[in-house]
Amino acid sequence: MKESIKWGIIGCGDVTEVKSGPAYSLVNGFELVAVMRRNLELAKDYAKRHKVKKYYDDADALIQDDEVDAIYIATPPDSHHMYALKVAKVGKICCIEKPMARSYKACLEIYTAFKEKNLPLFVAYYRRSLPRFNKVKTLIETGSIGTIRYITWELSRTPSPTDRFNGYNWRTDAKIAPAGYFDDLASHGLDLFTYLLGDIKTAHGLSLNQQHLYTAKDAISGSWLHDSGVIGSACWNFGSYKRVDEVKIVGSEGALNFSVFGEDPIVLKTKTKTKSFMIDHPKHIQIYHVEHMKKQLEGGAMHPSTGKSGLHTAWVMDKILGHI
């Protein structure tokens, strides 16, 4: 690996301000040298505030920049496929925001393009790298609740003011995210569950638009079966009366409760005890995800979220939505 990997970001929007962008400068051996946004003034402003020396309003110019070794695609998912194939063509390392692309078919094309060139491909399912969820994984693997039987997840929320009053949000535009918030949010949980419990071998679901507030789906239910024999089910609804984010993993000797998006305590319950674990997220929530990319690139352990695992998550989502 080069002494310093120089990164460029395509799409320096809100997610890159605190969650992800700073990590590409904070990790030793990585350097953020270029950013792109369609509005040049906004790209310039981001570059100035984050001390990035180059900025563009043309993604192709950033991709072709000889100084840029690796590219983080942080745009909405409708452009992930297009940009990723361009990055693969020029032979550069890539990390793609989740979901990897709008469909399993598009994800497969991305995965194949990078595999054929033996290029590192990562997907920003950063929960696989967070201490909070690795604690859950350790509790499972050490047998704290016995043999795992099933997992359930309820994720619901009230419609936002933007939803109610016809404001635009790409997350509810069926042309960009056909299943709405499911594409944006459920992808995180489903990917996490395969990390915790192993790959999924079959999945089914129902989906519809109940509220008719926007073009994308807003109510989805799903069930699935892990290779290990663990059964899973979930309900995602974005028009209910309150916010709920509750995961329960039930085993032969107890259960684990936690949330995917909140920082509530992880609760371990057995017949004889109840124990809580409070593990906060870091300020820059993708910092461990970015650190793990560095470790793989320097010859260390394989990153937990690669193009292969991202492709599997896309397959599960399309199975639940009935697309495949």
Can you sort Tyr56, Tyr241, Tyr111 by how many other beta carbons sit within 10 Å, fewest first?
Tyr241, Tyr56, Tyr111
From the residues Leu26, Ala203, Gly310, which one has its Cα farthest along the dipole of the chain in the positive direction, the dipole being from +1 and -1 charges on Cβ of Lys/Arg and Asp/Glu about the Cα centre?
Ala203
When averaged across all projection directions, what area in nm² does the alpha-carbon convex hull of the stretch 5-125 cover?
6.7
Between His323 and His212, what FRET efficiency comes out of the Förster formula 1/(1 + (r/R0)^6) with R0 = 25 Å and r the beta carbon distance, rounded to 0.05?
0.70
Hey, got the Cα dimensions of the chain along the principal axes, in Å, largest first?
59, 46, 37
Evaluate E = 1/(1 + (r/R0)^6) for Asn166 and Met82, where r is the Cβ-Cβ distance and R0 equals 25 Å; express this FRET efficiency to the nearest 0.05.
0.30
Efficiency by 1/(1 + (r/R0)^6): what FRET value for Glu116 and Glu17, r their Cβ-Cβ distance, R0 = 30 Å, to the nearest 0.05?
0.30
Among Leu196, Leu40, Leu32, which one moves the most in a GNM of the chain with springs linking Cα atoms closer than 10 Å?
Leu40
Under the Kirkwood approximation applied to all pairs of distinct alpha-carbon atoms, what is the hydrodynamic radius of the stretch 130-233 in Å?
15.4
Where a label projected 7 Å from the Cα of Val90 along Cα→Cβ would reach, residues of the stretch 19-45 with amide N under 12 Å:
34-36
On a 0 to 90 degree scale, rounded to 10, what angle separates helix 187-197 from the longest Cα axis of the chain?
60
Each label sits 7 Å from Cα toward the beta-carbon; between Leu225 and Tyr241 the label points are separated, in nm, by 3.7
When the charge dipole of the stretch 140-235 is computed with +1 at the Cβ of Lys and Arg and -1 at the Cβ of Asp and Glu, the Cα pointing farthest to the positive end, of Ser221, Ser187, Tyr168, is that of Tyr168
With an 8 Å Cα cut-off and a minimum separation of 6 or more residues, compute the relative contact order for the stretch 236-322 in percent.
13
Extension reserve of the Thr138-Val267 stretch, reckoned as 0.36 nm per residue once the Cα distance is removed:
45.1 nm
Among Pro161, Pro131, Pro120, which one shows the biggest mean-square fluctuation in a GNM of the chain, springs joining Cα atoms closer than 10 Å?
Pro161
Which distance in Å, rounded to a whole number, links the C-alpha centroids of the stretch 22-41 and the stretch 266-324?
23
Between the Cα axis of helix 80-90 and the main Cα principal axis of the chain, the angle (0 to 90°, nearest 10) is 50
Degrees, to the nearest 10: 40-49 long Cα axis against longest axis of the chain
80
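Bear in mind that the values in this text are calculations on the coordinates, not laboratory data. As the structure is a prediction and not an experimental result, all values here were calculated from the model. Note: ideal-geometry Cβ built from the backbone for every residue, glycine included; neighbour counts use all protein chains shown.
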